[in-house]
1. Could you tell me which residue in chain A puts its beta carbon nearest the axis mapping A onto B, with the distance rounded to whole Å?
2. What nm distances, shortest first, do you get from the label point of B:Gly290 to those in the other copies when the point sits 7 angstrom along Cα to Cβ?
3. Please work out the average accessible area per residue across the protein assembly as shown, using the 1.4 Å probe convention, and give it in Å².
4. Return the distance in nm (one decimal) between the two label points of a simple spin-label model at A:Glu206 and B:Glu130, each offset 7 Å from Cα along Cα→Cβ.
5. How much mean residue ellipticity at 222 nm does chain A get from its helices, if each DSSP H run of length 4 or more adds -39500 (n - 2.57) and you divide by all residues, to the nearest 500 deg cm²/dmol?
6. Relative to the Cα centre, what is the charge dipole magnitude of the protein assembly as shown, using +1 at the beta carbon of each Lys and Arg, -1 at the beta carbon of each Asp and Glu, and rounding to the nearest 20 debye?
7. Given a 1.4 Å probe and heavy atoms of the protein chains only, how would you sort A:Thr241, B:Thr200, largest accessible area at the top?
8. Run through the DSSP bridge list for the protein assembly as shown and note the antiparallel percent, rounded to the nearest 5.
Number of protein chains: 2
Amino acid sequence: MTEMEELLGAIGEARARLSTRLQPTPLLLSPSLSARCGRKVFLKLETRQPTGSFKVRPALNAILARLDEARSRGVLASSSGNFAQAVAWAARELGTRAMIVMMGSTSPLKIARTRELGAEVVICGDSFQERWDTTYRLERETGRLMLHPYDSLETIAGDGTLALELLEQHGGGFVALVPTSGGGLFAGTSAVLKPAGASTYGVQPEANGSMARSFAAGVPVQVEPFRTIADSLVALKPGETSFRIARSSAEGVLLVSEEELARAAAHCALQEKLVVEPGGAAGVAALLAGKLPAGSADVVCVLSGGNIGLDRLAEVAGGSG
Amino acid sequence: MTEMEELLGAIGEARARLSTRLQPTPLLLSPSLSARCGRKVFLKLETRQPTGSFKVRPALNAILARLDEARSRGVLASSSGNFAQAVAWAARELGTRAMIVMMGSTSPLKIARTRELGAEVVICGDSFQERWDTTYRLERETGRLMLHPYDSLETIAGDGTLALELLEQHGGGFVALVPTSGGGLFAGTSAVLKPAGASTYGVQPEANGSMARSFAAGVPVQVEPFRTIADSLVALKPGETSFRIARSSAEGVLLVSEEELARAAAHCALQEKLVVEPGGAAGVAALLAGKLPAGSADVVCVLSGGNIGLDRLAEVAGGSG
């Protein structure tokens with residue numbers, strides 16, 4: 001069995017596991033984006049998942065795949081915020097305990113929500129190195145089951161359930177624009193869509209660019225730390241597995257500027273009346289900036305997360321509303 | 001033919017007229033409100049109509065019902081904001097010219113959007129008396145076709161199309177919570193839902209209370225000017241026709257405080273990830289405040305509008321997020 005066959009099997013299993021626990025999220029036509037682009041544009045509202053992002057898919061699947069172990073050992077994860085909340089929620093739903101390692105610089109809203117969901121939050125220093133060092137140390141010290149945010153089979157399989165849903169809702173033949181960071185959602189989506197005849201682009205902040213550079217180099221490339229308003233798209237390097245799968249299944253990676261991300265979040269709030277965090281609006285950013293190659297196929301923008309405070313949203317969107 | 005029979009016929013005609021021009025708006029299950037209330041709660045996203053509110057239904061219907069006249073004379077309307085944008089949009093769609101009378105105190109966002117849509121905006125003094133005086137004067141001076149925001153048969157019939165959509169989407173047997181001001185949407189909704197076996201409550205700011213007092217008195221009651229964060233629910237008196245119809249078809253009127261409206265807008269933004277103006281969230285406010293009489297029937301909150309700037313939304317929701 002090839003890696004891809006194994007993954008597609010795991011995505012099918014994930015779908016069955018999650019079907020009683022998550023409702024399909026809405027797929028809405030955007031008349032304003034459709035008019036602007038001259039082709040039908042749909043929005044996939046992962047913002048309406050429990051905890052406000054798609055991350056409940058991989059969190060639930062990763063715990064359910066090893067439920068007895070998760071219950072006896074507790075779970076451990078590290079996250080820039082959305083995976084943290086999702087793991088906290090999934091752990092509570094499934095009767096286990098979550099410990100989450102987060103940087104002090106993470107959005108206060110995301111830290112507060114993670115605690116409200118009952119997780120023990122361990123704050124570490126403000127670098128990925130410190131976050132991973134802390135996480136691996138806690139894994140050894142506590143014996144908890146570690147859930148990888150983007151680079152395990154269970155994570156990518158959970159992510160891939162989104163694409164199965166899209167195929168049922170739309171039918172196929174579309175182009176999906178997927179915000180990407182470590183690459184889990186990008187991998188899971190493209191793995192499902194390619195054999196179904198739909199295509200996938202990852203969209204990433206220019207400030208990051210690690211996935212785009214990795215696509216060009218043919219191997220995962222690590223970038224230097226950077227700042228972006230897309231605080232959910234900050235992995236410095238794609239995962240090994242997620243990169244391999246995405247590169248073999250996706251069309252490519254589009255880069256968007258900070259201003260384009262801000263404009264997209266403003267568009268979502270003011271025109272679409274949807275609260276979307278800048279990282280979650282990356283697909284819309286690429287579309288509004290004319291970065292998607294021309295074509296007539298329908299477009300689906302995955303709105304991957306909506307966890308942003310209103311003050312921050314007003315600030316981000318202010319210059320571009 | 002009774003007034004009600006005439007109205008139901010007009011709603012059917014409106015449905016046929018609007019069917020090629022407006023997409024049905026989404027009806028989404030709210031897991032968080034359902035969990036809180038112990039019954040299924042759905043949200044009807046009129047925020048996703050063109051111009052961000054349900055008002056395109058009555059605006060389009062009122063112009064289409066007298067299209068030749070509208071085209072030769074131009075149209076005239078007065079509005080606190082959402083009807084203004086809707087008439088401007090509908091006039092542009094249908095190839096006629098709109099003049100809109102708005103108070104200087106109206107939300108700057110709503111005034112700017114109305115102008116962007118090509119309407120001529122006439123700013124009047126900050127009282128309803130001045131607004132109506134200006135509007136009637138302009139009707140005489142310009143010969144334009146005046147569109148009433150809530151008290152004509154065509155307006156109420158356009159509003160009623162929302163309820164036909166709800167019945168198709170849900171099936172029936174639910175309780176609808178409808179923000180109410182002059183009463184057009186309240187009347188159109190309850191007229192359709194009552195014979196179909198679903199019930200309707202109007203929801204109004206306590207600061208206003210004109211519809212609640214009118215229900216109690218049995219005749220339209222005018223209240224003194226007041227302030228509310230629900231800037232779309234500011235009519236001082238229900239329309240004669242809209243009141244008569246709503247009182248004969250609806251269950252009653254629920255009142256919500258300013259704090260409850262703010263909390264509802266915050267809930268919509270932070271939990272539902274939907275941008276809803278405080279007035280548009282009045283149904284959610286009543287529900288969160290426990291003001292809906294107990295029962296087990298599903299609840300539908302009509303989110304009637306989403307036209308609010310992000311700074312203002314942050315300010316309103318800030319104390320209650």
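The values are calculated or read from the model by the stated rules, or taken from the named source; none is laboratory data. Remember, predicted model here, so these are calculated numbers, not experimental data. Positions of Cβ are backbone-derived with ideal geometry, glycine not excepted, and every protein chain shown enters the neighbour counts. With ligands, DNA and RNA removed, areas are computed over all heavy atoms of the protein, side chains included. Shrake-Rupley method; radii C 1.70, N 1.55, O 1.52, S 1.80 Å.
1. A:Ala314, 2
2. Result for B:Gly290, in nm, nearest copy first: 5.7.
3. Details: 22870 Å² over 642 residues.
Solvent-accessible surface per residue comes out at 36 Å².
4. Spacing of the two 7 Å Cα→Cβ label points: 4.8 nm.
5. Values: 14 runs with 151 residues, N = 321.
Theoretical 222 nm ellipticity from helices: -14000 deg cm²/dmol.
6. Working: 64 positive and 66 negative charges, 77 e Å.
Result for the protein assembly as shown is approximately 380 debye, rounded to the nearest 20.
7. Working: A:Thr241 30, B:Thr200 0 Å².
So, going from the largest accessible area down, we get A:Thr241, B:Thr200.
8. Working: 9 of 67 bridges.
In the protein assembly as shown, approximately 15 percent of DSSP beta bridges are antiparallel ones.
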